[in-house]
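As structure tokens, the structure follows; a few thoughts come after it.
Quick note: the coordinates plus some simple rules give every number you see, no bench work behind them. All figures in this text were calculated on a predicted structure; none of them were measured in a lab. Note that we place each Cβ from the backbone using ideal geometry, even for glycine, and neighbour counts take in every protein chain shown.
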Amino acid sequence: MNKAVILIIEDDPEIQELLSLSFSKEGWKLIQVKTGEEGLKILKTKKVNCILLDIMLPGIDGLNILKKIKDIESCRNVPVIMTTAKGEEADIVAGLELGADDYVVKPYSPKVLIARIRAGLRRQEESSVKKTDTVWQQGEIKLDAARHIVFCGDKQIDLFATEFALLKHFLCNPEIVFSRNQIIEAIRGSDYPVTDRSVDVQILGLRRKLGKAGDMIETIRGVGYRFRIQE
């Protein structure tokens, strides 16, 4: 996706310039703003393919901006990468639970950031490709990939893009135990740097939204996770 549109919400002019220079060879179109409010205005009028969002912003902070972004229908499946100087686990977990797809702690390598953006764009592109099998069901859980909706019984479940990808992977591969690295590679591609904690947070959020059906996602101590078929 060489012509992808990347929205950068970052108030530091030096970082803005660094990212502009680093991304110049990627062929991406960049939209750069300094506040979350400006970013929200852009998102209501323009289509973007990925969002880089700083937590420490003037005015409304990045976490509250993230909430507002996820309320915009056209942005539900747009990957959001948090870029922040706050490396405390609580901030990282808060961002992931609000729907961020990833996080990068400053100072970061532009090459690493580019790799993560590519992975996010690749996942978004793959999710839009129609395949022969588009509906999977196990127990009360039914996932329709073509329409990007999930039902648990008669209730439609609202999932973030990463949660949707996780559930689809589990439904397609029931009773198989996957390590955290295998899960990330399956939904985002190889050589994607991630922490065990971020995987755990995403799965915790998915379980919570599925209610009792979330128990079908089992933790295998010392290994990873498995989706258990109900008898």
- [ ] Would you mind counting up the charge near Val93? Only other residues with Cβ under 11 Å from its Cβ, with Lys and Arg at +1 and Asp and Glu at -1.
- [x] -4
Open item on the list: What's the magnitude of the charge dipole for the chain around its Cα centre, counting Lys and Arg as +1 and Asp and Glu as -1 at the beta-carbon? Answer in Debye, nearest 20.
Closed with: 640 debye
- [ ] Pop out the Kirkwood hydrodynamic radius of the chain from its pairwise C-alpha distances, inverse of mean 1/r, in Å to one decimal.
- [x] 18.3 Å
TODO: Out of all DSSP beta bridges with both ends in the chain, state the antiparallel percent to the nearest 5.
DONE: 50 percent
TODO: Can you quote the Å³ per residue value for the convex hull of the Cα atoms in region 65-129, rounded to an integer?
DONE: 81 Å³
- [ ] Place the peptides 164-171, 7-14 in order of packing, highest mean first, counting for every residue the other Cβ atoms within 10 Å and averaging per peptide.
- [x] 164-171, 7-14
Open item on the list: If I take every Cα pair under 8 Å that is 6 or more residues apart in region 135-227, average their sequence separation and divide by the length, what percent do I get for the relative contact order?
Closed with: 28 percent
Open item on the list: Let me spell out the model: positive unit charges on the Cβ of Lys and Arg, negative unit charges on the Cβ of Asp and Glu, origin at the Cα centre of region 1-111. What dipole size does that give, in debye rounded to 20?
Closed with: 640 debye
Task: Within-14-Å neighbourhood charge of Phe23 [Cβ basis; K, R +1; D, E -1] - done: +3
Task: Relative contact order for the chain, counting Cα pairs under 8 Å that sit 6 or more residues apart, in percent - done: 15 percent
Task: Radius ratio Rg over Rh of region 5-127, counting only Cα atoms, Kirkwood formula for Rh - done: 0.91
Task: Neighbourhood charge, 9 Å Cβ-Cβ cut-off, centred on Asp102 and excluding it, Lys, Arg +1 and Asp, Glu -1 - done: +1
Task: Positive-end residue of Val105, Gln124, Met82, charge dipole of region 5-127 with Cβ unit charges - done: Gln124
Task: Most fluctuating residue given options Ile157, Ile220, Ile31, as computed from a GNM of the chain linking Cα atoms under 10 Å - done: Ile220
- [ ] As a check on your grasp of the helix formula, calculate [θ] at 222 nm for the chain: sum -39500 (n - 2.57) over DSSP H runs of n ≥ 4, divide by the residue count, round to the nearest 500.
- [x] -12000 deg cm²/dmol
TODO: Give Lys44/Lys209; Lys67/Lys142; Lys44/Lys106; Lys46/Lys142; Lys25/Lys46 a once-over and call out the pairs whose C-alpha atoms are over 30 Å from each other.
DONE: Lys46/Lys142
Task: Neighbour cut-off at most 12 other Cβ (10 Å), DSSP loop, GluC sites (Glu not before Pro), region 35-96 - done: Glu88
Task: Of Leu18, Leu57, Leu210, the one that fluctuates the most in a GNM where the chain has Cα springs shorter than 10 Å - done: Leu18
